[in-house]
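Worksheet for the structure shown next.
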Amino acid sequence: MTAVYLSAKLYIFAIFSAFAEQVTELAMKISLAVRFCSAFLVLTIDENGSRFSTIQGVNGDIFRNQDTNSWYKDGVKLIQDNLGVKPNTNTAKSAILFLGDGMGFSTITAGRILDGQMKGETGEENVLSWEVFPWSALAKTYLVDLQGTDSASCATAFLNGIKTNSGMLGVDSTVRRKYCASLTDDNKVVSILTLAERAGMSTGIVTTTRATHATPASSYAHAADRNWESDADIKAKALDDGSKCKDIALQLIEYPHGNGIEVVFAGGRRELMHKNQTDPEYPDKTGERLDGRDLIQEWVDKHPNSQYVWNQTGFDQIDVKKVDHVIGLFESSNMKYEIERADDKAGEPSIAEMTEKAIKILQKNPKGYFLGRIDHAHHDGSATKALHDTVAMNKAVAKALEIVNKDETLVTVTADHSHVFTIGGYPKRGNPVLGIQKNLGDELAVDLQNRTYTTLGYGDGPGGLNGSRPDLRNVKTDAKDYLQQATVHLGWESHGSEDVGVFGDGPGAYLFHGVVEQQYVFHVMDHALCLSKSKQKSCDKHVTRGGKPKSSGAYSLSLPSMMYVLLMAALLI
């Protein structure tokens, strides 16, 4: 027994000796590895697994005080914040769609920098109001017939839920462009605004474009051509007998759903005035209509307790508690660019002002609006105008977020398309985004011919060059009328075809993720508000719209019916 016991003991000792040698060898390898590396780190999670609680490393250091680096700490904090984000699966009482027409990622980036620099910052670290939204996606903008994109058909996608052909408003792809006879009830489609009106909600449109322009018009009109804004347009542009088709302005005034669109703040008086009417702001301008109808007055007569305004003074005098319907048309055509707004003698409200007043009117039984004016400036090849409008839109979104109940309101910010607008090169931090590039040594950046250049430019447009590119040393590139240089010389800068961002917050916003088709935006809003019968198979109608009360108290039965869809767009073409 003793021999067996000693033998077993020696055998066990041999095993442990061999294991110890392996452990020692492993430790030496680890030691060598550590010597070749700056450090190794261990991230530990607290007991509930919800956040980083400690960060440890060799001698308490991670890559030379990495854990105290502000950028590193920002990343850790963002992880902590994002781990706390929970999807809001309630039915939305209201929804706001901010549509920056033409606001692609290069515009967002340059607009973010400009906004920061206008605050006295270097700009790059700035954050726009919608960039903190917890949910986002990419939307593909191609059309049924184009690899590229068009504002009318894009707006039809995100407001009506289908893709269609270029130039179409509120119709499917079976309609032939400019042929009135091809437009029937069978190929018309229903917008999110119409679904809201049918559900008893209030609706509105806020835009700095004409109210009849393609992006806002896609919410209420059906047309075989986006340019049929007045009866004069149909007569001039239809390729068949257009007399049986209603122009877009007439469809706005005669909109038959619910109790009509409650708020319209926009430009475009001329499409609603007949040719013998003189514009109130410009004595040398008249209306365009050939039918002799004063559609503005018809709108006022149609809606009790309504009001029409056309300048800043009238806008300021609107009593939101007393008016139920209001139409404000602040220009004969499109409203001024933000950077030019102060030059308007009659005065025009800002995008933020119109947004705030629209919400306050609609919140009595609220619902929505469009916001406009990024797209035209890009078409003109003017980055200064476009980016100042982006800054104005940022203020409008921020103002809306101050007013609405974010727990009950789906807020979506997106674009219909981008532009061939670029931001690039190697400018130093804080270099004026509208200026000439300077490098890290504060020297002017130059091309192979020793000519300076800007950070911003266009692939095509009015700034295209006929011949050699001029030097910009003595050019004021941040002037409002300066046209950034473009590669291809066109009279009108074109749209970009890449995907655009979709940013969401509030009920249903968690459905925005991944890469989606553009019409998906409509379906998220429809589901969040639980409006169409197709969506009501997977959602519950809001209690104020006939849904069953929830025992959890998610909805307050004592509150009045305060639903609204705020559809904000930007400019179009």
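Please treat every number below as a calculation from the coordinates, not as lab data. Only a predicted model underlies this, so the values are computations on that prediction, with no experimental measurement involved. Cβ atoms come from the backbone with ideal geometry, glycine included; neighbour counts cover every protein chain shown.
Could you work out the local net charge near T156, counting Lys and Arg as +1, Asp and Glu as -1, over the other residues with Cβ closer than 14 Å to its Cβ? Walk me through the numbers before you get to the answer.
Numbers: positive: K163, R177, K188, R226; negative: D101, D145, D150, D172, D225, D416, E517.
Summing Lys/Arg as +1 and Asp/Glu as -1 gives -3.
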- Query: Alpha carbon centre of the stretch 496-513 versus the stretch 408-431: separation in Å?
  - Reply: 14 Å
- Using only Cα atoms, locate the centre of the stretch 78-93 and the centre of the stretch 124-190, then give the distance between them in Å, rounded to an integer. 28 Å
- Over all Cα pairs of the stretch 389-548, how is the pair count split among 5 Å bins, expressed in % and running from 0 up to the last occupied bin? 2, 7, 12, 14, 13, 12, 10, 9, 7, 6, 4, 3, 2, 0, 0
- Please report Rg over Rh for the stretch 422-472, where both radii come from the alpha carbon positions and Rh follows the Kirkwood definition. 0.97
- Task: May I ask you to list the aspartates and glutamates whose Cα is less than 19 Å away from that of K178, ignoring any residue fewer than eight positions away on the same chain?
- Result: D145, D150, D186, D225, E229, D231, D233, D240, D241, D247, E271
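Can you sort I318, I327 from fewest to most other Cβ atoms within 10 Å of each residue's own Cβ?
On the way: I318 19, I327 25.
The fewest-first ordering by Cβ neighbours comes to I318, I327.
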- Query: Between G161 and residues 5 or more places away or on another chain, which pairs have amide H atoms under 5 Å apart, with H built 1.01 Å from N, and which residues are they?
  - Reply: F522
- Message: Can you compute the label reach from D294? Point 7 Å from Cα along the Cβ direction, backbone N cut-off under 20 Å, restricted to the stretch 326-365.
- Response: 326-333
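In the neighborhood of I248, defined by Cβ-to-Cβ distances under 13 Å, what is the net charge if each Lys or Arg adds +1 and each Asp or Glu adds -1? Walk me through the numbers on the way to the answer.
On the way: positive: R210, R226, K237, K246, R270, R289; negative: D225, E229, D231, D233, D247, E254, E271, E288.
Combined, the nearby Lys, Arg, Asp and Glu give -2.
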- Item | Separation between Cα centres of the stretch 213-254 and the stretch 300-362, rounded to whole Å | 24 Å
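What trypsin sites (Lys or Arg not before Pro) does the stretch 294-368 have in DSSP loop regions with at most 11 other beta carbons within 10 Å? Could you put the intermediate results ahead of the total?
Numbers: sites: K302, K321, K322, K336, R341, K345, K357, K360, K364, K367; in loops: K321, K322, K336, K345, K364, K367.
Loop-located and lightly packed - K321, K322, K345.
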- Determine which lysines satisfy two conditions relative to K86: a Cα distance under 20 Å, and not lying fewer than 8 residues away in the same chain. K77, K406, K550
- Message: Need one number: nm distance between label points at E402 and K364, each 7 Å from Cα along Cα→Cβ, rounded to one decimal.
- Response: 2.3 nm
- Message: Sort 215-223, 249-257, 88-96 by packing, meaning the average of other beta carbons within 10 Å per residue, with the highest value first.
- Response: 215-223, 88-96, 249-257
- Item | Spatially proximal lysines relative to K476 (Cα-Cα < 21 Å; intrachain offsets below 8 disregarded) | K119, K385, K428, K438
- Query: What net charge do the residues around I436 carry, taking every other residue with its C-beta under 15 Å from that of I436, with Lys and Arg at +1 and Asp and Glu at -1?
  - Reply: +1
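Within the set K321/K399; K246/K322; K360/K480, which residue pairs have Cα atoms separated by over 27 Å? Before the final figure, lay out each step's value.
Details: K321/K399 19 Å; K246/K322 32 Å; K360/K480 33 Å.
Among K321/K399; K246/K322; K360/K480, the Cα-Cα distance tops 27 Å for K246/K322; K360/K480.
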- Please order D225, D526, D145, D186 by the number of other Cβ within 10 Å, starting at the fewest. D186, D145, D526, D225
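Which of rounded, prolate or oblate describes the stretch 212-295 when judged by the alpha-carbon gyration tensor and an a/c cut-off of 1.5? Display every interim value, and only then the final one.
Working: a/c = 1.76, a/b = 1.10, b/c = 1.60.
Because a/c hits 1.5 or more and a/b fails to exceed b/c, the stretch 212-295 counts as oblate.
Given a Förster radius of 30 Å and the C-beta distance between I79 and Q536 as r, what FRET efficiency does 1/(1 + (r/R0)^6) yield to the nearest 0.05?
Efficiency for this residue pair is about 0.20.
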